Amino acid sequence: MDTIWELVGPRRQQAIHHRVRWPSNLGIAVLDALLVRVIFPTTAVGLALVADARGWGLFHLIALPTWIAIVISIILLDLAIYLQHVLFHAVPALWRLHRMHHADLAFDVTTGFRFHPIEILLSMLIKLATIAALGPPAIAVLVFEVLLNATSMFNHANVLIPPTFDHVLRWVVVTPDMHRVHHSIRSSETNSNFGFNLPWWDRLFGTYRPQPSAGQSGMTIGIEQFRDARELRLDRMLIQPFHNEVGDYPFGHRQNER
């Protein structure tokens, strides 16, 4: 659906044609899915069912109506994803993994699939640990997983949303214009708008930036390293964490531009 919307009503003219980018972005998504399936014996929902059966987690210590537990669980799981995202920008070793996501030279729905396999495995470990600690209802985890995947595709989409509607919508969900700022080449903009689903955390923790300094049409997508189109090949993407300097993007490596 988002892909059709991109073709009918694109927000930006893409610097790199999708025929160059899409095979690798979709290829990495398939590889990530296979690795998770092979390495992890359970899914997020499966672990929630185990936690419920064995009485693990915070929600088994607090008596709450089911619907309240579901709502709070979804919000806390989303906060965990936000904090994890900040962590991957703050720790240089983790940024090396995460920067593959940011090294895409254009921004569309397939960018939302573009994560290094090692990052995906670490993210899954963090998610499972969070579920074991919280003990959320399994239905809450299922709803969260659906929302996270849907909003990740939506907020990476190269789609045109009228500015007035976008201004209202971004109080409820992270919009493409809001998240696109996070994919700017400027480190001060890369280190902003970390939310994937709920937009409130960026406003609450002071990481919200409404627009890129160069404007949505004028901003440069990507990072300072890996500007060569050859780096969009799948084999090159897989080795990006292991070569070149870490760069100035992780927090604390330099005073971010204002």
- line: Within the stretch 117-139, residues open to solvent by less than 10 Å² (accessible area, probe 1.4 Å) and hydroxyl-bearing (Ser, Thr, Tyr) come out as none
statement: Those residues of the stretch 219-239 that are within 16 Å of HIS17 (Cβ to Cβ) and under 19 Å from the mean Cα position of the chain (by Cα) come to a total of 3
query: Is it true that some residue in the stretch 231-241 is of a type in the set (Val, Ile, Thr) and surrounded by 13 or more Cβ atoms within 10 Å (Cβ to Cβ)?
result: no
Number of the condition not met by ALA150 [criteria: (1) over 16 Å from the mean Cα position of the chain (by Cα); (2) open to solvent by 30 Å² or more (accessible area, probe 1.4 Å); (3) among the aliphatic types (A, V, I, L, M)]: (1)
- line: Only unsatisfied item for GLN225, checking (1) open to solvent by 10 Å² or more (accessible area, probe 1.4 Å); (2) out of contact with any Gly (no Cβ under 7 Å at 6 or more places or on another chain); (3) of a type outside the set (Gly, Ala, Ser), is (2)
task: Kindly provide the set of residues from the stretch 164-203 that are modelled with pLDDT of 95 or more, more than 17 Å from the chain's Cα centre (by Cα), part of a helix (DSSP H, G or I) and not charged (D, E, K, R), ordered by number.
output: THR164, PHE165, HIS167, VAL168, LEU169
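The values are calculated or read from the model by the stated rules, or taken from the named source; none is laboratory data. Source: prediction; values computed, not measured. We place every Cβ from the backbone using ideal geometry, glycine too, and count neighbours over all the protein chains shown. Areas reflect the complete protein model, heavy atoms only, side chains present, ligands, DNA and RNA absent. Shrake-Rupley method; radii C 1.70, N 1.55, O 1.52, S 1.80 Å.
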